[in-house]
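The values are calculated or read from the model by the stated rules, or taken from the named source; none is laboratory data. For clarity, every value in this text was computed on a predicted model and none was experimentally measured. Quick reminder, even Gly has a Cβ in these numbers, built from the backbone with ideal geometry, and neighbours come from all protein chains shown.
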Amino acid sequence: MLTAILAAFLGGIILNFMPCVFPVISLKALGLLHHQGDSNRARTEGSGFLLGVVVTMLALAGLLLALRAEGTAVGWGFQLQSPLVIGILALIVLGAALNLLGVFEVGLSLQRAGEISVGRGVFVRSALTGALAIVVATPCSAPFMAGAIGFALVQPPAVALGIFLALALGFAAPFTLVSFFPAIASRLPRPGAWMDILKRGLAFPMLGAFAWLVWVLAQQAGTTALAAILASAVVVSFTAWLYGIAQRRRLMGRSFKVLLTITVALFLGAVVPLPNVLQAGAEPTAAPQTATAVAPVKWSPHTVNELRGHGKAIFVNFTASWCITCQVNDRTSLSTDAVKQALTRTNTVYMVADSTKFNADIDDAMSTFGQGGLPLYVVYPADGSAPKVLPQVLTPSIVINALNQASGKKT
């Protein structure tokens, strides 16, 4: 248990450097720069972020454990298997990008537009950013993390929550330490006019995250859902623009009430129909396939059992469209010419287990290997002996060596 707690804490720290988390973490770095020289405000930022991370992590972990206790085989990142969650998260990220671009401001009253709110406003916004960071982080699985989560999912609830708490503390640790120790914060650049340029520049990683979420939604639910989320994005953007006009002009009285009514009506008109549209538009999608020379075979427990021990090695790629680490491994390792040639030369059966949508068999198989999250790569030797689990971050040499060993062929 102590090993799993330490692994979760280290995995949480590493998670800060994964590509899916960068857009949100950059928001907190900007917040620290705003409060440099004011230790109280910096501590408020750090405390809010820590609380948001811990509460959201424990809430997700509690829901995950409850679902598993009821017999539903779900794992880390389970909420991203829902098109509705993906759609709502995409609109939230879009709203954050528009805020960074200055279309509107968050937490400012109409009478104080342009001022920096302090105290409780800073704490709440930091807590919400921490919550968003955890939700966005779930597609990623850092080194040390998957094994710790896999161990947690087969433990009693108290032990499991302790491991997830360690993961949350590790994730929040770097930012919280900088917030609470002025000596570290003093090494950051001085605030200035350049920060306004940086703020707008950071909107583009958020827009990139929005584009990625829209792509994932299209993989999950098809073109109808894609059209719905793009139309909602236009309406939400227009709503934000109207709200920004009200803030800048400090509209009051009847004019503001009319504008506010229009804004709320537009926003509700975009968001309320989403659940029905996304579910109705759901259609089967093809499994994400690596461009290998070997034709991919759709994974199933039955197919694996049929093919094992018949003189061919089997390589199983447990992946999902929303798993960024999976996509990076596909591009940097599994799609390389060297790996393609190794698959052909060793006559390996290449299988794809697609978890973009919920698949109980895949989650059961991952639990069997002690893995709580994607990616997962398993190589079954040609002689039918015990399978081997590869690291979550691949290189071509790791894959090629594993294929050579599994097939009994030399390089």
Scan of the stretch 296-312 for residues that are over 32 Å from the mean Cα position of the chain (by Cα) and either buried (at least 23 other Cβ atoms within 10 Å of the Cβ) or under 10 Å from Ala353 (Cα atoms) (or both), ordered by number: none
Condition check: assigned by TED's automatic domain parsing to the domain that holds Gly311 and surrounded by 15 or more Cβ atoms within 10 Å (Cβ to Cβ). Does Gln327 satisfy that? yes
Residues being surrounded by 15 or more Cβ atoms within 10 Å (Cβ to Cβ) and either touching a strand residue (DSSP E or B) at 6+ places or on another chain (Cβ under 9 Å) or modelled with pLDDT under 90 (or both): count how many of those fall in the stretch 371-397. 18
Would you pick out the residues in the stretch 337-354 that are touching a residue at least 60 places away in the same chain (Cβ under 8 Å) and loosely packed, with under 15 Cβ neighbours inside 10 Å? Ala338, Asn347
So which pairs qualify, if the first residue must be in the stretch 365-390 and within 21 Å of His310 (Cα to Cα), the second must be among the charged types (D, E, K, R), the Cβ gap must be under 6 Å, and the two must be at least 6 apart or on different chains? Val379/Lys388; Tyr380/Arg308; Ala382/Lys312; Gly384/Arg308
Could you figure out which of (1) at pLDDT below 75; (2) among the basic types (Lys, Arg); (3) within 26 Å of Phe171 (Cβ to Cβ) isn't true of Arg125? (1)
Considering only residues of the stretch 45-93 that are of a type in the set (S, T, N, Q) and at pLDDT 85 or above, which is nearest to Ile229 (Cα to Cα)? Thr56
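How many residues does the stretch 363-411 contain that are in contact with a Pro (Cβ under 6 Å, 6 or more places away or on another chain) and among the hydrophobic types (A, V, I, L, M, F, W, C)?
Initially, the stretch 363-411 is screened for residues in contact with a Pro (Cβ under 6 Å, 6 or more places away or on another chain), giving 378, 380, 392, 406.
Then drop every residue that is not among the hydrophobic types (A, V, I, L, M, F, W, C), which leaves 378, 406.
Residues in the stretch 363-411 being in contact with a Pro (Cβ under 6 Å, 6 or more places away or on another chain) and among the hydrophobic types (A, V, I, L, M, F, W, C): 2 in total.
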